[in-house]
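Here is the structure we will look at.
The values are calculated or read from the model by the stated rules, or taken from the named source; none is laboratory data. Remember, it's a predicted structure, so these values are computed and weren't measured experimentally. Please note: Cβ atoms are built from the backbone with ideal geometry, for glycine as well, and neighbour counts cover all protein chains shown.
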Amino acid sequence: MKKLILIGRVGAGKTTLTQALKHEKIDYRKTQYIGHESWLIDTPGEYLENACLASAIALYSYEADVIGILMAADEPYSLYPPNCTGHVNREVIGIITKMHSECGTERAERWLRLTGCKTIFCVDSVTGEGVQNIIDYLSESDTKQHKTTKT
Ligand SMILES: Nc1nc2c(ncn2[C@@H]2O[C@H](COP(=O)(O)OP(=O)(O)OP(=O)(O)O)[C@@H](O)[C@H]2O)c(=O)[nH]1
Ligand SMILES: [Mg+2]
């Protein structure tokens with residue numbers, strides 16, 4: 001199993017997705033620190049939102065095999081600079097959470113593509129829809145060969 005770090009703004013759904021990926025009960029908990037002991041690294045959204053904390057994400061990304069950039073379908077704007085994945089020496093995937101939002105997923109997908117993400121998953125972490133696709137992706141021996149993108 002590849003080790004995945006999840007980054008995204010406050011409320012993007014990192015912890016909920018972490019619980020869904022681990023088949024745990026969905027239970028809201030504000031993330032206060034970076035937990036990096038398992039195959040999933042969950043980060044507080046504040047680390048992405050504050051420039052003075054952002055370097056911690058870069059440091060913890062070195063612990064991971066795959067960087068998961070989250071964006072909820074209902075986010076009003078993107079925090080990610082265009083082509084930011086070009087700076088990353090790891091596999092990067094985009095993950096659209098809250099896929100059943102009335103906003104639809106197209107806008108989030110465009111923003112994630114703008115970051116450079118080629119592989120994008122859509123999930124509803126509360127119902128579990130789409131979550132298995134990420135588990136399958138992480139289980140593959142060579143994720144670079146993975147061709148699945150959002151349809
Ligand atoms: N319907 C739906 N709700 C979601 C989904 N993901 C997260 N939520 C809800 O969004 C809220 C915030 O989710 P969290 O997982 O705590 O967000 P987070 O990114 O971990 O936030 P921080 O820890 O503050 O950085 C919770 O009420 C979740 O139930 C999803 O895929 N679908
Ligand atoms: Mg959290």
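Things worth noting here:
- Set G35, G45: member being within 20 Å of K2 (Cα to Cα), within 15 Å of ligand 1 (Cβ to nearest atom), without any contact (Cβ under 8 Å) to a residue 40 or more places away in the chain and among the small types (G, A, S): G35
- Residue that is in contact (Cβ under 8 Å) with a residue 24 or more places away in the chain and exposed (fewer than 15 other Cβ atoms within 10 Å of the Cβ), where the choices are V88, V66: V88
- Screening the range 64-84 for residues that are assigned to a loop (DSSP other than H, G, I, E, B) and small (G, A, S) and picking the one that is nearest to ligand 1 (Cβ to nearest atom) gives A73.
- Subset of the range 85-108 (residues that are within 14 Å of the chain's Cα centre (by Cα) and either among the small types (G, A, S) or away from ligand 1 (no atom under 14 Å from the Cβ) (or both)): T85, R90, E91, V92, I93, G94, A108
- So E140, is it at pLDDT 95 or above and among the charged types (D, E, K, R): no
- Residue list for the range 39-63, restricted to those being surrounded by fewer than 19 Cβ atoms within 10 Å (Cβ to Cβ), within 16 Å of the chain's Cα centre (by Cα) and part of a loop (DSSP other than H, G, I, E, B): W39, Y62, E63
- Taken over the range 7-51, residues that are within 8 Å of ligand 2 (Cβ to nearest atom) and among the basic types (K, R) amount to 3.
- Of the criteria (1) outside any helix (DSSP H, G or I); (2) away from ligand 1 (no atom under 15 Å from the Cβ); (3) under 16 Å from the mean Cα position of the chain (by Cα), which one G11 fails: (2)
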